[in-house]
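Student: First the structure, then my questions, so here it is.
Every read-out reported here was derived from the displayed coordinates using simple, explicitly stated rules and does not represent laboratory data. For clarity, every value in this text was computed on a predicted model and none was experimentally measured. Methodologically, a virtual Cβ is constructed for each residue, glycine included, from the backbone with ideal geometry; neighbour enumeration extends over all protein chains shown.
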Amino acid sequence: MQSEMGQKDLVVNSPAWIANAIVYQIFPDRFRRSGRVEAQNHLVFKGWGSDPIEQGFHGGDLYGVLDSLDYLERLGINCIYLTPVFSSASNHRYHTYDYFHVDPLLGGNQALDALIDGLHSRGMRIVLDGVFNHCGRGFWAFHHLLENGEDSPYKDWFCIEKWPLCPYPKRGQSSGYSCWWNNPALPKFNYQHPPVRDYFLSVGLYWIERGIDGWRLDVPNEVPQDFWVEFRQKVKRKNPEVWIIGEIWGDARSWLDGNHFDGVMNYRIGWSSLCWAADKSLNKNYVNPFYPLRKLKSEQFIDILRITLGWYSTEVNRSQLNLLDSHDVPRALNTLMGDISALKIALLFLFLQPGAPCIYYGTEAALSGGIEPSCRESFPWGKDFDKGLTLFIRSLVDLRKQLFSCYGDTFEWDTFGEDGIVGKMNLDLESPSKKDYSVVALINRSRKSWLPIIDYSTDPFFLIGQIDLSQDKRLGPQSAAVILLSTPS
C-alpha cells in the first residue's frame, strides 16, 4: 500500500541507460536549418533569428540536428528529446495531422531515420514527443467529420457535442466538439472508442520499431490512465529499454507506480531551484500554479526538495527527467533576470540530482526568451556568443560522471546559513587505506555575503566563483564548491 510520503515498496523496472543520460531538448523548427530538405525548396520562411512571437516557420529541420551531433557530443550530450516532429500545420507541431509521417518541412521519415542512425552510431539516444490527447483540424479522421458530418463513420473518434461542427468559430460561438483548453484547433480524441486506443498503440509501437529510444507523452493526465497501462505493457514488451516520460508537472505518485511511466518531467526541481538561486532577483511575470515563481528561503527550498524526492522510490527518482525550463515556460535566464552566476548555481544543483538532467537548447548560448512563444528562439548559429556557459555545462557533465560513477547519485541536502545549502554523499570505497569517503557540495546564493565553511578544509575539486581556505575559511558570493573528504576508519 502506498505510504503518505513515498512509494518505497514499489518495483519499477526502468532502463539502465537513464543513469548516465544527459538530455538536450530541441525545438526542431528553431534549432538548425540544413539546406538539405527538398520539400523546403522555393518556400519562404521567416528570417533565422526573427521574432519567435510571430506566426510562421524558421525552417529548422532534422538534418540540421544531424549536422550538429559533433557539437552536442562536445557539450556532453548523449540523448536528445525532440518536441513534436510529425506532420502538422503549426511551427510547434502539437497540431498533428499524421502520426506516421515526419513533417516534410523537417525532412520526412528519411531524415528521422538518418538522425536515429547517426545518434546510435555514437552511442546516443533519442526521445520523441507523443501528442496523443488531441490532434490538429487536418487529422484525417477529423477532416472526414468536417466533410461528412453525422454520416461519417469516424464520428465516434471525437467527443461531439452538437452538429454541425464549427471548426473556426466566431467569438462566443461553440465549435460543437470537445477540444484541448477550448482551442478549436485541437480536437480531443475519444478514448472510449476502441479504434482510437488501437490507433495510438500502433503509433507508439511503430516508432519504437523504427528505432527511437523513448516517448515523452504530452498531457497524459487527460488520457484515461488504463490506456497508459496497456501502452507501457506493449511498448516494454517490444523494447524493455524504452524510456517512458509523462508530462506531469506536480505530484506524480499515481503515475509512477510501475504501471504507467518510468519518470516525469520534474518541473518541481526546476522552478524551486530557480526560485532559490534567484534570491531576490526573480522575474515573476509568468503565472502557473504548477510552476510557481516565488521567492524561497533556503529552508523552504530544502523542504520542497525533500518532499519531492520523498514521494518516489530510489529507482523512480533515478528515472526522472529533471529540467530548469522548456518550450512551455520562460527560459531559466529570463526567470533569473539575466544573472549568469545564478544560472550556474541552478545548473550545478540540477546536475547533482538523481535522474537525467535536461538542457533546453540554447541555454549554453545564454538565450533568455520569456513566456512562450518567446522562449522558442532560433539558435544563434554563426554568432559569436560567449562560450563560457558551453564550457561550464561540459564541466558539469564531467563532474556528474566522476561523482556518480565512483560514489552514488543521492545527496542529502540541508540548509547552511541563511543563503547556503550543503549536500553530502557518503560511500565506503573499500580502499586499501580503509578510509570512508564523503563528497560535500556547498552552494552560496548570496550576491554579497561570504559563507563561513569552518568544517571543510580540503581543496575543492569543483568550484564556481571564489573560495578562501585561509584561517577564516569562506565561500564567496554566488559561489559553489564540491569537496572530497576522507576520514580514517
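Student: If neighbour count is taken as other Cβ atoms inside 10 Å, put SER319, SER174 in order from fewest to most. Write out the running numbers ahead of the final one.
Tutor: Details: SER319 27, SER174 12.
Least to most surrounded, the residues fall as SER174, SER319.
Student: Please turn the phi angles of region 247-258 into ³J(HN,Hα) values with the Karplus equation 6.51 cos²θ - 1.76 cosθ + 1.60 (θ = phi - 60°), one per residue in order, whole Hz, x for glycine and proline.
Tutor: Listing the rounded values in order: 7, 10, 7, x, 5, 10, 4, 6, 9, 10, 9, x Hz.
Student: Enter the angle in degrees (range 0 to 90, nearest 10) between the Cα long axis of helix 388-406 and the first principal axis of the Cα atoms of the chain, meaning the one along which they spread out most.
Tutor: The helix 388-406 is inclined about 70 degrees to the chain.
Student: Let me ask something additional. Along the Cα→Cβ direction, 7 angstrom out, place labels at SER374 and ILE454. What is the inter-label distance in nm?
Tutor: Those two pseudo-labels are separated by 4.6 nm.
Student: Take each of the peptides 107-116, 31-40, average the number of other beta-carbon atoms within 10 Å over its residues, and list them starting from the highest.
Tutor: Result, highest mean Cβ count within 10 Å first: 107-116, 31-40.
Student: Near the amide H of ILE359, under 5 Å away, which other amide H atoms are found, from residues 5 or more places off or on another chain, if H is placed in the peptide plane?
Tutor: Distant-sequence amide H within range of ILE359: VAL23, TYR24, GLN25.
Student: ASP98's amide H: which non-local residues (gap 5+, or another chain) put their own amide H closer than 5 Å, with H modeled 1.01 Å from N in plane and none for Pro or chain starts?
Tutor: SER87
Student: So what J values fall out for region 461-469 if you push phi through Karplus, 6.51 cos²θ - 1.76 cosθ + 1.60 with θ = phi - 60°, rounded to Hz, Gly and Pro as x?
Tutor: 9, 8, 9, 10, x, 10, 9, 10, 10
Student: Work out, step by step, the length gained on full extension between ARG210 and LYS424: first 0.36 nm times the residue separation, then minus their alpha carbon distance; give nm to one decimal.
Tutor: Gain in length upon complete extension: 72.8 nm.
Student: Listing PHE100, PHE27 from the residue with the fewest other Cβ atoms within 10 Å to the one with the most, what is the order?
Tutor: Lowest count first: PHE100, PHE27.
Student: Same structure, new question: List the residues of region 122-143 whose backbone N lies under 20 Å from a point placed 7 Å from the Cα of ALA19 along the Cα-to-Cβ direction.
Tutor: 123-126
Student: In whole percent, what relative contact order does the chain give with Cα contacts below 8 Å and a gap of six or more residues?
Tutor: Here the relative contact order equals 14 percent.
Student: Among the listed pairs LYS297/LYS473; LYS46/LYS383; LYS448/LYS473; LYS401/LYS448, which have their C-alpha atoms separated by more than 20 angstrom in this model?
Tutor: Values: LYS297/LYS473 24 Å; LYS46/LYS383 18 Å; LYS448/LYS473 16 Å; LYS401/LYS448 32 Å.
Too far apart for the 20 Å limit: LYS297/LYS473; LYS401/LYS448.
Student: Then there's this: Hey, can you grab everything whose amide H is under 5 Å from the amide H of VAL264? Only 5+ residues off in sequence or another chain; H modelled, so Pro and N-termini drop out.
Tutor: GLY246, LEU321
Student: Here's a follow-up. Taking the Cβ-Cβ separation of GLN466 and PHE290 as r and a Förster radius of 35 Å, what is the calculated FRET efficiency to the nearest 0.05?
Tutor: 0.45
Student: Answer with a single label: of (1) 23.6, 85; (2) 26.6, 94; (3) 26.0, 100, which was calculated as Rg and Dmax of the Cα atoms in Å from the structure in view?
Tutor: Of the listed options (1) 23.6, 85; (2) 26.6, 94; (3) 26.0, 100, (1) comes from this structure.
Student: How do LEU389, LEU274 line up, fewest other C-beta atoms within 10 Å first?
Tutor: Fewest-to-most Cβ neighbours within 10 Å comes out as LEU389, LEU274.
Student: Continuing with the same structure: Between 0 and 90 degrees, rounded to the nearest ten: what's the tilt of helix 298-310 against the longest Cα principal axis of the chain?
Tutor: So the helix axis and the longest Cα principal axis differ by about 60 degrees.
Student: When the chain is fully extended, how far beyond the present Cα-Cα distance does TRP140 get from LEU43, taking 0.36 nm per residue of separation?
Tutor: So the chain would gain 32.5 nm between TRP140 and LEU43.
Student: Okay, next question. First measure r as the distance between the Cβ atoms of SER281 and THR415, then evaluate 1/(1 + (r/R0)^6) with R0 = 25 Å and state the FRET efficiency to the nearest 0.05.
Tutor: Details: r = 20 Å, r/R0 = 0.80.
For SER281 and THR415, the calculated efficiency is 0.80.
Student: Another question, if that's okay. Quick one: grab the alpha carbon gyration tensor of region 277-415, order the square roots of its eigenvalues as a ≥ b ≥ c, and give me rounded if a/c is under 1.5, else prolate or oblate depending on whether a/b is larger than b/c.
Tutor: It comes out oblate by the Cα gyration axes.
Student: Another question, then. Among the DSSP beta bridges whose two residues both lie in the chain, what percent are antiparallel, rounded to the nearest 5?
Tutor: Of all bridge pairs located within the chain, approximately 60 percent are antiparallel.
Student: Can you tell me the 0 to 90 degree angle between the C-alpha axis of helix 340-351 and the longest principal axis of the chain, rounded to 10?
Tutor: The helix 340-351 is inclined about 80 degrees to the chain.
Student: Be a star and scan region 185-214 for residues whose amide nitrogen sits under 19 Å from the point 7 Å along the Cα-to-Cβ vector of ASP156.
Tutor: 188-202
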